[in-house]
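**Student:** One structure coming up, written as structure tokens, with questions to follow.
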Amino acid sequence: MTGVKIDGRIIAQTVKDRVKKAVEELKSQGINPCLATILVGDDTASATYVKNKHKACEEVGIITRDHKLDVNTTQTQLNDIIENLNKDTTTHGILVQLPLPKQLDEFTTTSRISPLKDVDGLTPHNVGLLAMKKAALVACTPSGIIEMFEFHKINLEGKNVVLINRGNLVGKPLYHLLLEKNATVITCHSRTRNLTELCQLADIIISAVGNRAKFTLTSDMIKEGAIVIDVAISRYQDKLVGDTDFEDIIQKASFATPVPGGVGPMTVAMLLKNTITAASLSDQIGR
Ligand code: GUN
């Protein structure tokens, strides 16, 4: 059996088309949606991700403000920039690209962002709302994955889902979103003992490890007809790879995502969606 490729580029474009219309609508109401990004340091991969986010904003008519900060930026300097953007009524979304250089603390930084401008869904306020099924702004990669399931009309109710990640950007928010859809979710991580057995029982596996030297999800680890979402992207033997080899996994899976061209474009599309949500929220509170 050969499964269906879940094409993130195509699905992301459908999201972008909807966002573009919403941007026009907001502009007709006098709101010019604007995303501010903050990139600290000169990590090549992070710089590419931020550049792609700006390009996507431009495609749908969202204005961007680009803050590129020196690798030695202090926590106080970064806090001041976030504080100013929080106060700036023409900025609707704030994104601090992660990871941060070691002198900066991720929690201290992201929790300073106004929850109404938190387009990454990382503030304690929005994380709490997500856990209570009330969030308007949800982390982009997890909501992009849910969008992929919806596009392919994959019903999550009662499905056994194995998540291989427990981080704040992917595993934890996804856990809540999947529970909301009535899936049974098992969250695995580096200390999980029987990962292969758990994967072999799963209807859906969502893998976000990103270290091919240490971990590959292979077709012998999945059951026939399973759905495999590969969230990872890393450089390995001079190639961009995920946690799976698509050509291997698709022989056994009913649906699978490639890398690149799978989850990555969805993360960017959902950031655009969150930015217009934040712009609409700003209108509700009087800009
Ligand atoms: N680094 C990797 N993924 C992300 C993301 O979704 N948001 C931010 N801010 N940084 C990231």
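**Student:** With respect to Gln77, determine if the residue is at pLDDT 95 or above, part of a helix (DSSP H, G or I), open to solvent by 60 Å² or more (accessible area, probe 1.4 Å) and farther than 21 Å from Thr275 by Cα.
**Tutor:** So Gln77 passes the test.
Quick grid of which residues meet (1) at pLDDT 95 or above; (2) among the hydrophobic types (A, V, I, L, M, F, W, C); (3) within 18 Å of Gly261 (Cα to Cα):
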{"site": "Gln13", "(1), (2), (3)": "yes, no, yes"}
{"site": "Lys20", "(1), (2), (3)": "yes, no, no"}
{"site": "Val23", "(1), (2), (3)": "yes, yes, no"}
{"site": "Leu26", "(1), (2), (3)": "yes, yes, no"}
{"site": "Ala36", "(1), (2), (3)": "yes, yes, no"}
{"site": "Val40", "(1), (2), (3)": "yes, yes, no"}
{"site": "Ser46", "(1), (2), (3)": "yes, no, yes"}
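**Student:** Which of the residues that make up segment 89-106 are within 13 Å of the ligand (Cβ to nearest atom) and either of a type in the set (Phe, Trp, Tyr) or within 19 Å of Val268 (Cβ to Cβ) (or both)?
**Tutor:** Result: Gly93, Ile94, Leu95, Val96, Gln97, Leu98, Pro99.
**Student:** Within segment 9-21, identify whether any single residue is more than 14 Å from Leu272 (Cβ to Cβ), buried (at least 16 other Cβ atoms within 10 Å of the Cβ) and among the basic types (Lys, Arg), and answer yes or no.
**Tutor:** Scanning segment 9-21, I find no residue that is more than 14 Å from Leu272 (Cβ to Cβ), buried (at least 16 other Cβ atoms within 10 Å of the Cβ) and among the basic types (Lys, Arg), so the answer is no.
**Student:** Being under 21 Å from Asp283 (Cβ atoms), more than 16 Å from the ligand (Cβ to nearest atom) and aliphatic (A, V, I, L, M) is the filter here; which residues of segment 108-158 pass it?
**Tutor:** Result: Leu116, Leu129, Ala136.
**Student:** I'd like the full set of residues that are out of contact with any helix residue (DSSP H, G or I) (no Cβ under 8 Å at 6 or more places or on another chain) and within 16 Å of the ligand (Cβ to nearest atom), limited to segment 224-234.
**Tutor:** Result: Ala232, Ser234.
**Student:** Select from segment 80-104 the residues that are surrounded by 12 or more Cβ atoms within 10 Å (Cβ to Cβ) and over 24 Å from Asn274 (Cα atoms) and list them in ascending order.
**Tutor:** Listed by number, the residues that qualify are Pro101, Gln103, Leu104.
**Student:** Now, a different point. Tell me, please, whether a residue that is at pLDDT 95 or above, open to solvent by less than 10 Å² (accessible area, probe 1.4 Å) and assigned to a loop (DSSP other than H, G, I, E, B) can be found in segment 190-198.
**Tutor:** no
**Student:** Quick one: Gly41 ticks every box in (1) exposed (fewer than 12 other Cβ atoms within 10 Å of the Cβ); (2) on the phi > 0 side of the Ramachandran plot; (3) in contact with a strand residue (DSSP E or B) (Cβ under 9 Å, 6 or more places away or on another chain) except a single one, so which number is it?
**Tutor:** (1)
**Student:** Let me ask something else about it. Could you tell me which of the residues Ile205, Ile186 is more than 16 Å from the ligand (Cβ to nearest atom), more than 14 Å from Ile227 (Cα to Cα), assigned to a strand (DSSP E or B) and among the aliphatic types (A, V, I, L, M)?
**Tutor:** Ile186
Rundown of residues vs (1) of a type in the set (Lys, Arg); (2) within 13 Å of the ligand (Cβ to nearest atom), yes/no style:
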| residue | (1), (2) |
| --- | --- |
| Thr37 | no, yes |
| Cys57 | no, no |
| Ile63 | no, no |
| Asn72 | no, no |
| Lys87 | yes, no |
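**Student:** If I go through segment 1-33 residue by residue, how many of them are assigned to a helix (DSSP H, G or I) and over 17 Å from Lys153 (Cβ atoms)?
**Tutor:** 16
**Student:** Okay, moving on. Any idea which residue in segment 136-147 is nearest to Gln13 (Cα to Cα), counting only those that are among the aliphatic types (A, V, I, L, M) and crowded, with 22+ Cβ neighbours inside 10 Å?
**Tutor:** Among residues in segment 136-147 that are among the aliphatic types (A, V, I, L, M) and crowded, with 22+ Cβ neighbours inside 10 Å, the one nearest to Gln13 (Cα to Cα) is Ile145.
**Student:** Right, another one. Tally up the residues in segment 241-270 that are more than 16 Å from the ligand (Cβ to nearest atom), without any contact (Cβ under 8 Å) to a residue 40 or more places away in the chain and open to solvent by 30 Å² or more (accessible area, probe 1.4 Å), please.
**Tutor:** Matching residues across segment 241-270 total 3.
**Student:** Still on this structure: Go through segment 97-148 and count every residue that is in contact (Cβ under 8 Å) with a residue 12 or more places away in the chain and assigned to a loop (DSSP other than H, G, I, E, B).
**Tutor:** Total satisfying the criteria: 23.
**Student:** For segment 149-158, which positions are open to solvent by 60 Å² or more (accessible area, probe 1.4 Å) and outside any helix (DSSP H, G or I)?
**Tutor:** Lys153, Asn155, Glu157, listed by residue number.
The values are calculated or read from the model by the stated rules, or taken from the named source; none is laboratory data. Fair warning: this is a prediction, and the values are worked out from it, not measured in the lab. Neighbour counts run over all protein chains shown; Cβ positions are idealised from the backbone, glycine included. We work out accessible area using only protein heavy atoms, side chains counted, and drop any ligands, DNA or RNA first. Shrake-Rupley method; radii C 1.70, N 1.55, O 1.52, S 1.80 Å.
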